[in-house]
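Remarks on the structure that follows.
Derivation of every value follows stated rules applied to the coordinates shown; laboratory data play no part. Treat the numbers as computed from the prediction; the structure is a model and nothing was measured.
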Amino acid sequence: MRCPYCSENQDRVIDSRTAKEGDVIRRRRECELCNRRFTTYERVEEIMPLLVKKDGSREPYDRMKVVAGLQKACEKRPISAQTIQEIADRIEHEIQEKGAREVETREVGEAVMKELRNLDGVAYVRFASVYRDFRDLDEFMTTLRDLLK
């Protein structure tokens, strides 16, 4: 593992323990050159399906895009980074449960919206306003009314 401080490749593991119900291993490491400590996380590499975009193109699933969208929607809201990671985990699990080789990006977006609707109304509306690409105020107001029901 490359040290994030000095880029040295030699380190030693000081401590290992499981995290997230055993799905991830957390390791504390110490660089042998600069002696600084850092944490790494290891998880099983799961094969995610390709995402089919609106234009028909395909791209690999990118967890960081989902997390970035969640972070943007939850910005300045009382939602922890841990909660955002848990939501991303649930969405990934839901995608994997389908067992399909390809999943439409619409399904991922809808899963994000469902999670945000249950979590925080403001974050939901923020995400929906970008995801649904409202053309006018009436569409936006319809979504707000649905949220208030």
Need the full-extension length gain, F38 to E86, defined as separation in residues times 0.36 nm minus the C-alpha distance. One decimal, nm. 15.1 nm
Using Cα pairs under 8 angstrom and six or more residues apart, how large is the relative contact order of the stretch 1-86, in percent? 16
List, in the order given, every pair from K53/K149; K54/K149; K114/K149; K54/K114 whose Cα-Cα distance in the structure shown is over 24 Å. K53/K149; K54/K149
Could you work out the relative contact order of the stretch 73-149, using alpha carbon pairs under 8 angstrom and six or more residues apart, expressed as a whole percent? 33
So what is the calculated 222 nm ellipticity per residue for the chain, using -39500 (n - 2.57) for each DSSP H run with n of 4 or more, over all residues, to the nearest 500 deg cm²/dmol? -14500 deg cm²/dmol
Picking from L33, L51, L116, which is most flexible by a Gaussian network model of the chain using Cα springs under 10 Å? L33
